Amino acid sequence: MADFVKVAQTSDLSPNSAKTVKVNGIDVALVNLGGQIYAIGDTCPHAHCSLGDGDVEGENIVCPCHASEFNIKTGAVEDGPAREGVPSYPVRVEGDDILVAV
C-alpha cells in the first residue's frame, strides 16, 4: 500500500485550478474541482506537456500544448489528440494539508 505524502495546502489551490507537485519523484497534477481535490498524472501522453499548466473546463483538464482533455476524477482521455489516459491517485485532505499517494 502506498504512503500518503503531504504535497500542498488547500489554500495553495483556488477553485477550478491546477498545479504540478512531486510525489516520491513523480509529477502529479493536483486539481481543485469546485472545492474537491483530485490528483492525476501530470504528463500528457501525447506531447509530454504538463497538465498542471492546463485549464480546468467542467470535469476535464485541457492540455496546454494540443488541447487534449482528461477527466479530472479518473484520468481518462476525453478528447484527443491523446489516445490514452493518465493515472489517477488517491487524495486525502487533513485540515489544510493535501496528501497524495502514488
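Taken over the stretch 84-102, residues that are in a strand (DSSP E or B), buried (at least 20 other Cβ atoms within 10 Å of the Cβ) and touching a Phe, Trp or Tyr at 6+ places or on another chain (Cβ under 7 Å) amount to 1.
Taken over the stretch 1-11, the criterion of being charged (D, E, K, R) and at pLDDT 95 or above is satisfied by 6 alone. Selection of the stretch 28-67 for residues being closer than 26 Å to residue 94 by Cα and among the hydrophobic types (A, V, I, L, M, F, W, C) yields 28, 29, 30, 31, 33, 37, 39, 40, 51, 56, 61. Can you tell me which residue is surrounded by the fewest Cβ atoms within 10 Å (Cβ to Cβ) among those in the stretch 72-83 that are modelled with pLDDT under 95 and out of contact with any His (no Cβ under 7 Å at 6 or more places or on another chain)? Among those residues, the one meeting the criterion is 83.
Taking the stretch 70-83 as the range and being part of a loop (DSSP other than H, G, I, E, B) and either more than 20 Å from residue 102 (Cα to Cα) or polar (S, T, N, Q) (or both) as the test, the residues that pass are 74, 80, 81, 82, 83.
If you filter the stretch 15-45 down to residues that are small (Gly, Ala, Ser) and modelled with pLDDT of 95 or more, you find that the one that is farthest from residue 64 (Cα to Cα) is 39.
The single condition from (1) surrounded by fewer than 18 Cβ atoms within 10 Å (Cβ to Cβ); (2) among the aliphatic types (A, V, I, L, M); (3) outside any loop (DSSP other than H, G, I, E, B) that residue 67 fails is (3).
Cβ contacts < 9 Å: first residue hydrophobic (A, V, I, L, M, F, W, C), restricted to the stretch 35-55; second residue assigned to a helix (DSSP H, G or I), any location; separation 6+ or different chain. Result? These pairs meet every condition: 37/10; 40/51; 44/51.
The values are calculated or read from the model by the stated rules, or taken from the named source; none is laboratory data. Quantities reported herein were computed from a predicted structural model and do not represent experimental measurements. Ideal geometry is used to build each Cβ from the backbone, glycine not excepted, and the neighbour counts take in all protein chains shown.
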